[in-house]
Amino acid sequence: LGIQGSSWQGLRDGMVALYGGGIVGRVERAGIAGARVQLVTDVGFRVRVGFVRFNGEKFVRLKPAQTYAEGTGRGAMRIIGLTREDAAGLEKNDWVILNEPEWPNYLQGRALGRIAAKGPRPDAPLFEQIIVEPSQNLLRLTEVLIVTKEP
């Protein structure tokens with residue numbers, strides 16, 4: 001995702017990009033003419049995630065084993081590290097949230113997307129493949145917020 005902000009305006013590689021639906025990605029290349037954001041759905045993007053479900057009036061954290069989500073390059077992320085037993089309690093439309101200790105605390109629990117599909121991995125039948133989609137097409141966003149200062 002190309003953005004107009006530049007290194008002259010204080011953007012640096014690694015800064016986080018957000019939108020109303022959660023995390024967009026991280027600034028990958030900040031230069032004097034603009035910056036590029038590596039989207040959470042881009043190939044090569046990988047973070048630890050957790051899961052929550054909206055129950056009535058509040059979110060409830062779900063307890064499968066900690067795992068990673070990685071971008072597929074096709075507007076989605078996938079999770080392939082959970083066994084079928086670990087993923088048994090997850091359902092379509094559960095939220096996938098950031099649970100990455102290397103990222104700042106104020107970003108923990110921010111949404112990456114929702115579970116769009118779940119099924120056995122074709123290459124490893126004892127494991128699940130979970131497809132995660134952001135709430136909007138990230139390539140069509142017209143505005144993103146870049147976090148330039150740590151709280």
Task: Residues of the range 44-88 satisfying the condition of being under 14 Å from residue 132 (Cα atoms), of a type in the set (Ser, Thr, Tyr) and in contact (Cβ under 8 Å) with a residue 24 or more places away in the chain - done: 72
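How do the strands (runs of 3 or more DSSP E) wholly within the range 49-120 filter down when requiring 2 or more residues that are open to solvent by 20 Å² or more (accessible area, probe 1.4 Å) and among the hydrophobic types (A, V, I, L, M, F, W, C): which remain? Walk me through it before giving the result.
Details: elements: 58-71, 77-79, 95-98.
So the answer is 58-71.
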Open item on the list: Name the single residue that is farthest from the chain's Cα centre (by Cα) among those in the range 87-143 being within 16 Å of residue 69 (Cα to Cα) and β-branched (Val, Ile, Thr).
Closed with: 130
Open item on the list: One residue is enough: does the range 122-129 have a residue meeting the conditions at pLDDT below 90 and either part of a strand (DSSP E or B) or closer than 25 Å to residue 146 by Cβ (or both)?
Closed with: yes
TODO: Check residue 132 against each of (1) at pLDDT 95 or above; (2) in a loop (DSSP other than H, G, I, E, B) and name the one condition it does not meet.
DONE: (2)
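Considering only the range 138-145, I want to know if a residue exists there that is assigned to a strand (DSSP E or B), among the aliphatic types (A, V, I, L, M), open to solvent by 50 Å² or more (accessible area, probe 1.4 Å) and modelled with pLDDT under 90.
Going through the range 138-145, the residues assigned to a strand (DSSP E or B) turn out to be 145.
Those still in the list that are among the aliphatic types (A, V, I, L, M) too: 145.
If we keep only those that are open to solvent by 50 Å² or more (accessible area, probe 1.4 Å) as well, we get 145.
Then keep just the ones that are modelled with pLDDT under 90; that gives 145.
Yes, the conditions are met somewhere in the range 138-145.
May I ask you to verify whether residue 41 is open to solvent by less than 50 Å² (accessible area, probe 1.4 Å), without any contact (Cβ under 8 Å) to a residue 60 or more places away in the chain, touching a strand residue (DSSP E or B) at 6+ places or on another chain (Cβ under 8 Å) and of a type in the set (S, T, N, Q)?
Numbers: open to solvent by less than 50 Å² (accessible area, probe 1.4 Å): yes; without any contact (Cβ under 8 Å) to a residue 60 or more places away in the chain: no; touching a strand residue (DSSP E or B) at 6+ places or on another chain (Cβ under 8 Å): yes; of a type in the set (S, T, N, Q): yes.
When the stated conditions are applied, residue 41 does not pass them.
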Open item on the list: For residue 144, only one of the following conditions fails: (1) out of contact with any strand residue (DSSP E or B) (no Cβ under 6 Å at 6 or more places or on another chain); (2) in contact (Cβ under 8 Å) with a residue 60 or more places away in the chain. What is its number?
Closed with: (1)
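The values are calculated or read from the model by the stated rules, or taken from the named source; none is laboratory data. Only a predicted model underlies this, so the values are computations on that prediction, with no experimental measurement involved. Methodologically, a virtual Cβ is constructed for each residue, glycine included, from the backbone with ideal geometry; neighbour enumeration extends over all protein chains shown. Note: accessible area is taken over every heavy atom of the protein model, side chains too, but ligands, DNA and RNA are not part of it. Shrake-Rupley method; radii C 1.70, N 1.55, O 1.52, S 1.80 Å.
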